[in-house]
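**Student:** Dropping the structure in here first, questions after.
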Amino acid sequence: MASVFVPDLLRGQAALVTGGGSGIGAGIARALAAQGAQVALLGRRAEKLQEVAAAIVAAGGQARCYAVDVRHDDRVAEAVQDAASAFGRLDIVVNAAAGNFLAPAASLSANGFRAVVDIDLCGTFNVCRAALPHLRVRGGSIVNITAIQASVPTPLQCHAGAAKAGMAKLTRDLALEWASARIRVNAVAPGPIEHTEGMARLAPGEWAERMRARVPLGRYGSIHEVCEAVVFLCSPAAAFITGATLLVDGGTALLGAGPWLDLMAG
Ligand code: HXC
Ligand code: NAP
């Protein structure tokens, strides 16, 4: 789908997108490339990354792949260094890598809680920290993909909610610390987005229609709509915006935990 933004907004810039091999992260990588940025894709499954890279190249863009787990800070640092060297710069970082599943807190194991916090929150820190020396050369933009569950209490997702809340706080702390280096740090908090692994896991089966019916704007959002928010935050139009969270949720957060409690009530 075409962007509402003028073309080539990001021509000459280089971006790194974690979770770029699928879903929202893949959409963001393609959207940044469509705006002229060179893009590095980072995730665990090489074949998924290569599929997205091939689509970017077929559309006339440039892409590199890094099959790396964001929990491994040393591997992350190597990948970021390699991408910045290959592109000659790094201007944009998008942290979309995440894990989630439905589980009641009462039966969630310590390792299950830790795995999600490690991927979402610690992984985001690892990537931001590794990118700092490159971003500070010319200034840059970091966008962290959080979720409305960062602020809305949500049953069966305490692990992901805590991880995303941590990311939201990290976004504001880094925005303050790194503003003097002209690095803007913002977040995009999606609500339910169609055709994603996230919603397949969080609202499976008949829950999907019931959740859709509760969204104030009457539908799930699209990956394209999340991408447009990210492109905006990376663009000169957002040059004075840092420490912000942009909700892309059709108004779902306005309802609090209601929709989730209704799903569980049957
Ligand atoms: C309970 C579970 C579980 C489940 C895993 N675990 N799945 N516990 N219910 N459904 C537990 C395991 O038993 C284990 O604990 C621990 O979690 C780690 O499991 P591993 O499989 O070893 O972890 P790992 O291979 O690192 O995989 C991470 C993962 C996995 C998060 C568990 O699902 C994954 O890789 N997901 C990536 C894709 C994904 O989730 N996409 C959706 C993102 S959507 P024990 O104690 O047995 O060792 C999203 C929406 C955000 O984030 C909105 C909400 C905030
Ligand atoms: P997705 O396709 O499963 O995206 C998650 C990505 O993260 C995958 O590409 C996965 O690739 C990667 N990843 C997971 N663990 C990783 C690790 N340890 N190291 C590196 N990469 C890892 O799900 P999605 O629904 O599109 O979600 C994308 C982002 O949007 C996530 O941050 C999610 O929390 C957020 N979000 C989604 C929704 C929604 O409605 N879908 C709502 C709110 C927020 P590998 O498995 O190959 O590593």
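The values are calculated or read from the model by the stated rules, or taken from the named source; none is laboratory data. Everything numeric here is computed off the predicted structure, so don't read it as measured data. Methodologically, a virtual Cβ is constructed for each residue, glycine included, from the backbone with ideal geometry; neighbour enumeration extends over all protein chains shown. Heads up: the accessible areas ignore ligands, DNA and RNA and are worked out on the full protein's heavy atoms, side chains in. Shrake-Rupley method; radii C 1.70, N 1.55, O 1.52, S 1.80 Å.
Yes/no per residue for (1) in contact (Cβ under 8 Å) with a residue 60 or more places away in the chain; (2) within 16 Å of ligand 2 (Cβ to nearest atom); (3) under 13 Å from the mean Cα position of the chain (by Cα):
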{"residue": "VAL137", "(1), (2), (3)": "no, no, no"}
{"residue": "VAL143", "(1), (2), (3)": "yes, yes, yes"}
{"residue": "HIS159", "(1), (2), (3)": "no, yes, no"}
{"residue": "ALA168", "(1), (2), (3)": "yes, yes, yes"}
{"residue": "LEU176", "(1), (2), (3)": "yes, no, no"}
{"residue": "SER180", "(1), (2), (3)": "no, no, no"}
{"residue": "GLY191", "(1), (2), (3)": "yes, yes, yes"}
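**Student:** Then there's this: For ALA15, only one of the following conditions fails: (1) touching a residue at least 24 places away in the same chain (Cβ under 8 Å); (2) surrounded by fewer than 24 Cβ atoms within 10 Å (Cβ to Cβ). What is its number?
**Tutor:** Exception for ALA15: condition (2).
**Student:** Still on this structure, I have one more. With respect to the numbered conditions (1) buried (at least 24 other Cβ atoms within 10 Å of the Cβ); (2) under 14 Å from the mean Cα position of the chain (by Cα); (3) within 22 Å of LEU32 (Cα to Cα); (4) not hydroxyl-bearing (Ser, Thr, Tyr), which one is the sole condition not fulfilled by ALA131?
**Tutor:** All conditions pass for ALA131, except number (2).
**Student:** Select from the stretch 147-202 the residues that are open to solvent by 50 Å² or more (accessible area, probe 1.4 Å) and not in a helix (DSSP H, G or I) and list them in ascending order.
**Tutor:** SER151, PRO153, ARG182, GLU194, HIS195
**Student:** I'm checking my understanding of the structure. Among residues of the stretch 111-121 that are over 14 Å from the mean Cα position of the chain (by Cα) and within 10 Å of ligand 2 (Cβ to nearest atom), which one is surrounded by the most Cβ atoms within 10 Å (Cβ to Cβ)?
**Tutor:** Keep residues of the stretch 111-121 that are over 14 Å from the mean Cα position of the chain (by Cα), which gives 111-118.
Keeping just the survivors that are within 10 Å of ligand 2 (Cβ to nearest atom) gives 115-116, 118.
Details: ALA115: 16, VAL116: 23, ASP118: 17.
It comes out as VAL116.
**Student:** Using the structure shown, decide if ARG75 is closer than 26 Å to ALA200 by Cα, at pLDDT 95 or above and within 16 Å of ligand 1 (Cβ to nearest atom).
**Tutor:** Working: closer than 26 Å to ALA200 by Cα: no; at pLDDT 95 or above: yes; within 16 Å of ligand 1 (Cβ to nearest atom): yes.
Considered against the rule, which asks whether it is closer than 26 Å to ALA200 by Cα, at pLDDT 95 or above and within 16 Å of ligand 1 (Cβ to nearest atom), ARG75 comes out as no.
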